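Structure record follows, encoded as structure tokens.
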Amino acid sequence: MRSSVFVALVSLSCTSAQTITVAAGRLTAIANGTDQVTITATTGSPDTVDFTTNGGVLSATQTKTADDGVATTKLSATTPGSVTVTATAGNASASTTVIFTDANAPHLRFRVSPANTVAQNLLRPVPEVVVEDASGIITSSSASVTVAITAGSCAAALDASSLMTVSAVMGVASFYGLKSSTVASGCTLTATSGSMPSAVSAAFNLQ
């Protein structure tokens, strides 16, 4: 009696679920065609990312990620309004929205950025944010301005005791009471005020 044995070879392919996140470097910008916002997509591994938008102009619509799975493009616009950018890699997609404001409307600018400062000490020189018109002239605004350490710029945050919101005086908001107890490098401050485009300071270290 003869028996036969059949061996079936099955090739199995296992793939992990694809994911993607996307973030804008700023949530507000000026609709003047030159104020660009960096859009960052993260896949976690090398991939090709397609960027699409419902308005404005992208500096790149398709780009390959670096080895760390990060791809970037820049968004600008000439028309005020909300612009949504969607990043897609494979079957995964994610979106972020940037609000572009009228180029003729007032905007914020850091006139003075803090220098390297010892942690737990007050930031010096005193950070100053000005409210400017479209021509770059400081206005007489008394707008309320809020500052915070820019998300993702470093591992620090301003201490809760810091006076993070002040009213501008003749268009100038001065922040005398800012400090952080955390040692970190490459920190920046972001200033916001209502619907005005946010402003970002020069980088500084907390030593």
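The values are calculated or read from the model by the stated rules, or taken from the named source; none is laboratory data. Keep in mind it's a predicted model, so treat the numbers as computed, not measured. Heads up, the Cβs are rebuilt from the backbone with ideal geometry, glycines too, and the neighbour counts pull from every protein chain shown.
The set of residues from the stretch 177-203 being assigned to a loop (DSSP other than H, G, I, E, B) and in contact with a Leu (Cβ under 7 Å, 6 or more places away or on another chain) comprises Gly177, Leu178, Ser180, Thr182, Val183, Ser201.
From the list Thr19, Thr38, Thr28, which one is at pLDDT 90 or above and under 29 Å from Ser198 (Cα atoms)?
Details: Thr19 fails: under 29 Å from Ser198 (Cα atoms); Thr28 fails: at pLDDT 90 or above.
Just one listed residue meets the conditions, Thr38.
Are any residues in the stretch 69-82 more than 11 Å from Ile20 (Cα to Cα) and either crowded, with 18+ Cβ neighbours inside 10 Å or in contact with a Ser or Thr (Cβ under 8 Å, 6 or more places away or on another chain) (or both), and if so, which ones? Once the filter is applied, which keeps residues that are more than 11 Å from Ile20 (Cα to Cα) and either crowded, with 18+ Cβ neighbours inside 10 Å or in contact with a Ser or Thr (Cβ under 8 Å, 6 or more places away or on another chain) (or both), the stretch 69-82 yields Thr72, Thr73, Lys74, Leu75, Ser76, Ala77, Pro80, Ser82.
Going through the stretch 107-117 one residue at a time, which ones are in contact (Cβ under 8 Å) with a residue 60 or more places away in the chain and either in the same structural domain as Ser82 (by TED's automatic domain parsing) or not in a loop (DSSP other than H, G, I, E, B) (or both)? Give the steps one after another, and end with the answer.
Here is the first cut: in the stretch 107-117, the ones in contact (Cβ under 8 Å) with a residue 60 or more places away in the chain are 107-111, 113-117.
Within the stretch 107-117, His107, Leu108, Arg109, Phe110, Arg111, Thr117 meet the criteria.
May I ask you to verify whether Ser185 is surrounded by 16 or more Cβ atoms within 10 Å (Cβ to Cβ) and more than 25 Å from Phe100 (Cβ to Cβ)? Here the answer is no, as Ser185 does not meet what is asked. Could you tell me whether any residue of the stretch 83-91 is farther than 22 Å from Gln18 by Cα and not charged (D, E, K, R)? There is at least one residue in the stretch 83-91 that is farther than 22 Å from Gln18 by Cα and not charged (D, E, K, R). Ala29 falls short on exactly one of the conditions (1) touching a Phe, Trp or Tyr at 6+ places or on another chain (Cβ under 6 Å); (2) not in a strand (DSSP E or B), and that condition is (2). Please find, within the stretch 78-117, the residue that is farthest from Gly55 (Cα to Cα) out of those that are of a type in the set (A, V, I, L, M) and under 19 Å from the mean Cα position of the chain (by Cα). Checking each candidate, the answer is Leu108.
Residue by residue, here is whether (1) under 29 Å from Val130 (Cα atoms); (2) out of contact with any Gly (no Cβ under 7 Å at 6 or more places or on another chain); (3) touching a residue at least 24 places away in the same chain (Cβ under 8 Å) holds:
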| residue | (1), (2), (3) |
| --- | --- |
| Asn32 | yes, yes, yes |
| Val37 | yes, no, yes |
| Thr42 | no, no, yes |
| Ser45 | no, no, yes |
| Leu75 | yes, no, yes |
| Thr78 | yes, no, yes |
| Thr88 | no, yes, yes |
| Asn91 | no, yes, yes |
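Out of the residues in the stretch 118-167 that are among the acidic types (Asp, Glu) and either assigned to a loop (DSSP other than H, G, I, E, B) or under 20 Å from the mean Cα position of the chain (by Cα) (or both), state the one that is modelled with the lowest pLDDT. Ranking the candidates gives Asp133 first.
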